[in-house]
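What follows is a single structure, written as structure tokens, with notes after it.
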Amino acid sequence: MSYEFHGAHLIAGQRRSTEATFRSSPAEGPGADFSVGTPALVDEACAAAKAAAQGFAATTREQRAALLEAIADQIDARGDAITACGSAETGLPPARLQGERARTTGQLRLFASHIRAGDYLDRRHDPALPDRAPLPRPDLRMMQRPVGPVAVFGASNFPLAFSVAGGDTAAALAAGCPVVVKGHSAHPGTGEIVGDAVVAAIEALGMDPGIFSLVQGGRRDVGEALVTDPRIKAVGFTGSLTGGRALFNLCAARPEPIPFFGELGSVNPMFVLPEACAARGAAIGAGWAASLAMGAGQFCTNPGIAIVIDGPEADAFVDAAEKALAAVPAQVMLTDGMATAFHDGAKRVGSAAGVATRLADTAEGRTARPHLFEVTAADWLADHALAEEVFGPLGLVIRVRDADQMLEIARSFVGQLTATLQLDDGDVEMARPLMPVLEAMAGRVLANGFPTGVEVSDTMVHGGPYPASTNFGATSVGTLSIRRFLRPVCYQNLPAALLPADLV
Ligand code: NAP
């Protein structure tokens, strides 16, 4: 990596370092030294965020929209360095980093236009009814207001779109909430460059530097200090079920509990209905394989489990998936730890009772190649561990007897980010009883496509019942995600002079 890292934290616009450093562990190159985060730095960042919160909440929507656009511009200005560093740190190809940067700046700009439009404020007015009997009604107005400082945990698998200036940060700043980011130690250099871009945008616009801080990782007590700091009012997190649950529990146990918006694990089941399977089973199998293997399978929307009615059509589907997966070369995984977890998880699935191996990974170290397994419905239902996410390119086919057993399997899933139907016109009646089950299970139900590739838009829901997320009422992708960092306030009989500008 040719970029010169300063290796410091960014606390309210200031570069701050501690004595201890950790060395990044890039997929390529020697790595660099970064200052280790500490609870004392978290304390400073939270103090600055609290001091800035009231002023930031009072900024106009136009001022915040300009900030989001300036951050996007500053990120674009550092595009080449971000691509080079991000690719070296994560092992993801440069084209993926370029695409993810476009998504990141695109969502910053989308939030700018979203808050300019103002609909997100959900402004309501019940005019006074002074003559109403038996009691008059007061004048009532309602609007969404920012919650205060928000903690954001950068995700390992989206070093840009869900990290320092990713969706959580964009939504919080758009809402008018200062942000304290806990950088992910898998990509500290990428985080640093993006953090510098955010600071430059804040400086250029003369805004309060306390609205943004980045504390690099390195130690568990950084994340713990952040979610338990009384000045933090909400948390955005993408990561593991174990880590997310631990931090969620800390949020719930605070003297003042706060919402923890965790986007955790999902196996994203795909139901292949019989007419579709008969008509185009091989094409569905090849498409599924491409979705499973994309980005070494390191997507929360990876469709890890396919359910299909047993028979020759199912054979065609599985054969095509196996052929396509066998041709996928070894891919570098995001971290050594994730590669180890993947290899261990695949061993666990492959050695479970009743599981047949169609394709086994031959890669080693930090690389992975796809695995493909099959199991009967009875064996799958008997082993809950088979329903756990294995983060990486791993597919498990559940062969069912008939439509009733497919429905039984559908009912057995815990909360998911997505559920997919592959169906043709003749499958619609069979799909009808599945629909309420899938709606209850998942944040997004899709047909004849694959769930990887999440559109950032007004209608997107990237969330779902636990354990897909810790808050089923929210999404972490799309403009609706701003609602996580807002709360409704009702103004009763307030004189216009005291109402927020957006209400008058
Ligand atoms: P992670 O281990 O949950 O870590 C995410 C962030 O939370 C990191 O900043 C981590 O800090 C922090 N953290 C985790 N546990 C903590 C605790 N008990 N106390 C304080 N801070 C804590 O997730 P990851 O590193 O991204 O990946 C590990 C696994 O997560 C993967 O193998 C995969 O299974 C899963 N994952 C799932 C998704 C998804 O979208 N569903 C996305 C990414 C990863 P430190 O790094 O400093 O420990």
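What follows is calculated from the coordinates using simple rules that are stated; it is not laboratory data. From a predicted model like this one, the values you see are computed outputs, not experimental measurements. Positions of Cβ are generated from backbone atoms using ideal geometry, with glycine treated the same way; all protein chains shown enter the neighbour counts.
When only Cα pairs below 8 angstrom with a gap of at least 6 residues are kept, the chain shows a relative contact order of 16 percent.
Under the convention that each Lys and Arg Cβ holds +1 and each Asp and Glu Cβ holds -1, the size of the dipole of the stretch 114-176 around its Cα centre is about 120 debye. Residue-wise HN-Hα couplings along the stretch 491-500, as the Karplus relation 6.51 cos²θ - 1.76 cosθ + 1.60 with θ = phi - 60° gives them from phi, are 10, 9, 6, 6, x, 3, 4, 9, 6, x Hz; Gly and Pro carry x. Each part reduced to its alpha carbon centroid, the stretch 460-493 and the stretch 398-423 end up 27 Å apart. Ranking T376, S240, A8 by how far each Cα lies toward the positive end of the dipole of the chain (charges on Cβ) leaves A8 at the top. Helix 61-77 versus the longest principal axis of the chain: what angle, 0 to 90°, nearest 10, using Cα atoms? For helix 61-77, the angle is close to 50 degrees. In the chain, the longest principal axis of the Cα atoms and the axis of helix 274-293 are about 60 degrees apart. Label sites at R15 and A117, each approximated as a point 7 angstrom past Cα along Cα to Cβ, lie 4.1 nm apart.
With contributions of -39500 (n - 2.57) from each DSSP H run of at least four residues, the per-residue ellipticity at 222 nm computed over the chain stands at -12500 deg cm²/dmol.
In this structure, the amide hydrogen of L446, modeled 1.01 Å from its nitrogen in the peptide plane, lies closer than 5 angstrom to those of A419, T420, L421, counting only residues at least 5 positions away or on a different chain.
Here the 3J(HN,Hα) profile of the stretch 308-320, calculated from phi with Karplus coefficients 6.51, -1.76 and 1.60 at θ = phi - 60°, is 9, 6, 4, x, x, 5, 5, 4, 4, 4, 5, 4, 5 Hz, Gly and Pro shown as x. Would you please state which residues of the stretch 23-42 a label at F5 would reach in this model, taking the label point 7 Å out along Cα→Cβ and a backbone N cut-off of under 18 Å? Under cut-off, by backbone N: 23-38. For the peptides 430-442, 124-136, residues were scored by their other Cβ atoms within 10 Å and the scores averaged per peptide; the highest-first order is 430-442, 124-136. The loop-placed GluC sites (Glu not before Pro) in the stretch 352-397, going by DSSP, that have at most 14 neighbouring Cβ atoms within 10 Å of their Cβ come out as E364.
Give the distance, in whole Å, between the Cα centre of the stretch 16-75 and the Cα centre of the stretch 222-300. The stretch 16-75 and the stretch 222-300 have Cα centres spaced 24 Å from each other. Label separation (A77 vs A95): 3.0 nm, computed from points 7 Å beyond Cα along the C-beta direction.
Efficiency by 1/(1 + (r/R0)^6): what FRET value for Q63 and A447, r their Cβ-Cβ distance, R0 = 60 Å, to the nearest 0.05?
0.90
Loop-located trypsin sites (Lys or Arg not before Pro) across the stretch 359-414 with a Cβ neighbour count of 14 or fewer within 10 Å are R401, with loop assigned by DSSP.
Residues D73, D404, ranked from the fewest to the most other C-beta atoms within 10 Å, line up as D404, D73. Summarising the amide proton neighbourhood of V181: residues at separation of 5 or more, or on other chains, whose placed amide H is nearer than 5 Å comprise V152, S213, L214, V215.
Using r as the Cβ-Cβ distance of R124 and T362, and R0 as 51 Å, what FRET efficiency do you calculate, to the nearest 0.05?
0.25
Cβ-to-Cβ counts within 10 Å put L121, L205 in ascending order as L205, L121, the fewest first. In order along the stretch 256-268, phi translates into HN-Hα couplings of 10, x, 10, x, 10, 8, x, 9, 10, x, 7, 10, 6 Hz, rounded to whole numbers, per the Karplus curve 6.51 cos²θ - 1.76 cosθ + 1.60 with θ = phi - 60° and x for Gly and Pro. Amide H to amide H, with H built 1.01 Å from N, S163 comes under 5 Å of A155, counting only residues 5 or more places away or on other chains. Note on L381 and R220: the extension gain reaches 54.3 nm, defined as 0.36 nm multiplied by sequence separation minus the Cα-Cα distance. Ranking T301, T83, S481 by Cα position along the charge dipole of the chain, where only Lys, Arg, Asp and Glu carry charges on their C-beta atoms, puts S481 farthest toward the positive end. Between 0 and 90 degrees, the angle of helix 39-57 with respect to the longest Cα principal axis of the chain falls at about 60 degrees. Packing, as the average of other Cβ atoms within 10 Å across residues, places the peptides 265-277, 171-183, 51-63 in the order 171-183, 265-277, 51-63, highest first.
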